1. Contact order normalised by length for the chain, with contacts defined as Cα pairs under 8 Å and 6 or more residues apart; what percent is it?
2. Please provide three numbers in whole Å: the alpha-carbon extents of the stretch 46-161 along the principal axes, with the largest listed first.
3. Just to be sure I understand: of the beta bridges DSSP finds with both ends in the stretch 347-472, what percent are antiparallel, rounded to 5?
4. Give Lys350/Lys372; Lys115/Lys219; Lys150/Lys238; Lys127/Lys191 a once-over and call out the pairs whose C-alpha atoms are over 21 Å from each other.
5. Seen from all sides and averaged, what is the projected area of the convex hull of the Cα atoms in the stretch 258-361, in nm²?
6. Amide H of Ser348: which non-local residues (sequence gap of 5 or more, or other chain) have their own amide H closer than 5 Å, using H built in the peptide plane?
7. Give the relative contact order (percent, whole number) for the stretch 61-207; include only Cα pairs under 8 Å separated by 6+ residues.
8. Find, among the trypsin sites (Lys or Arg not before Pro) in the stretch 408-472, those assigned to loop by DSSP (not H, G, I, E, B) with at most 10 other beta-carbon atoms within 10 angstrom.
Amino acid sequence: MPKLIPREVLFGNPVKASPQISPDGTRMAYLAPVNNVLNVWVRTIGQEDDQPVTQDRDRGIRIYFWAHDNQHILYLQDVGGNENWRLYAVNLETNQVRDLTPFDEVQVRIIDHNKHFPNDLLVAMNKENPQVHDVYHLDLKSGELRRVAKNPGQFAEWVTDIQLKVRGALAATPDGGFDLMIRENDNSDWKKLLTWDSDDSLSSGPVGFTKDSQYLYLKDSRKVNTGRLVKMELTTGKIQVIAEDPEYDVDEVVMHPDTNEVQMVSFTRARTEWIVIDRCIQKDIAAIRKLHRGDFHLLSRDHADQTWLVGFIVDNGPVSYYAFDRKTKKATFLFDNKPDLKNYILASMKPISFTSRDGWTLHGYLTLPPGKSKKNLPTVLNVHGGPWARDTWGYDPEAQWFANRGYVCLQVNFRGSTGYGKNFLNAAIKEWGGQMHDDLVDAVSWAIKEGIADPKRISIYGGSYGGYAALVG
């Protein structure tokens, strides 16, 4: 057996994480601990002048971003986990920190910001009514807040155009679905564009307007099983399908920061797979795929769109970050989020598929303890939460923890898990403790039949819905 990996190495704070490039491409920000509390650091690219620019001493900072003026770092923070997020700005020249939303018992959400309006942001706050969020325009220079969209009571999400105007909203319906509402400008009345009923609500939603605001990109599963990426003409309702898969929903959508046209989309199959839509980035993506064996994600890009920050996720090691130069098609390694993992032997995560007792194809992952026979092993069925938050391929500290201690970690995306189409998702309705649990039992039966799991040494583990499933047994 490999040596034991300390829990702090598996579950502790990253050494560095979440890099973002500055708008002018000369600096990089990232998260790293200060006295074991995550804070935002900044360094000049090509130098080693790293300095923390925030001084949180409590729960740590998780959500931050560059202001498009290139002079400020903005971040969200609450107090003691109350989820009443406030928005703060750090001036990188003076180190002054400003609370931009100094309101008690108010929650801030970031709606939008873009490079065309470097001193402006749109934020949502439940300032007037604690039950709903209105949208406010925030002037970064003066700190002035001005309400630009009042929530009539049922709006749960907002959609903006490239001019930083609130043009769309999702209105919750009594049956668990959503009406997609649109308007021409800040003074226009809202009009219903379409309705997604409850069957479509987790596989559909707005993505963004085109630059001319004549079209709207949507994830849309109406009349089909899976969520497709479509482009809808607002005046006629005509739809053009941009990307679809008969078995998997569209996942991430990357849009060009200047044109608002779709550049690539991902499908989370056994692993993340990207489909390039924009031919202008085909050579870039081809070069990125050659850099690393992991699944990549485009994290950040400068205003000139010449430098991209890319992260690679693997199953048996840390997340690796690179700066990719679009001109030379070469990349510079930045850092690993948890370099100490490289000092240990980690297990591989293998995608699996099998058939449930009633004919569904179920997908999941198997993580086997390294250095041991692959037969008749003690097994932990690790059940995800949500209950719809599907497991994915990549570094999973719980899976590594079990495998390092000699246990098989078995994870299955039982019916009700996202990403596999609405029929599979909605097959879980009223099946808590029923067919959802049958899928878990079928996963264990599959592992026993394959000779992997010892039928006398099976356990079940999980949090949230996974905790409920563990109590069901």
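No value in this document is a laboratory result; all are computed from the given coordinates. Nothing here was measured: the structure is a model prediction, and the numbers come from that model. When we count neighbours, we look across all protein chains shown, and the Cβ atoms used for this are built from the backbone with ideal geometry, even at glycine.
1. It comes to 10 percent, rounded to a whole number.
2. On the principal axes, the stretch 46-161 reaches 50, 35, 23 Å in Cα extent.
3. Counting DSSP beta bridges with both partners in the stretch 347-472, the antiparallel share is about 55 percent.
4. From the list (Lys350/Lys372; Lys115/Lys219; Lys150/Lys238; Lys127/Lys191), the Cα-Cα distance tops 21 Å for Lys115/Lys219; Lys150/Lys238; Lys127/Lys191.
5. Values: hull surface 36.7 nm².
Computing the convex hull of the Cα atoms and averaging its projections yields 9.2 nm².
6. Excluding prolines and chain starts, which carry no amide H, the hits are Leu368.
7. For the stretch 61-207, the relative contact order is 11 percent.
8. Details: sites: Arg415, Lys422, Lys430, Lys449, Lys456, Arg457; in loops: Arg415, Lys430.
Sparse-neighbourhood loop trypsin sites (Lys or Arg not before Pro): Lys430.
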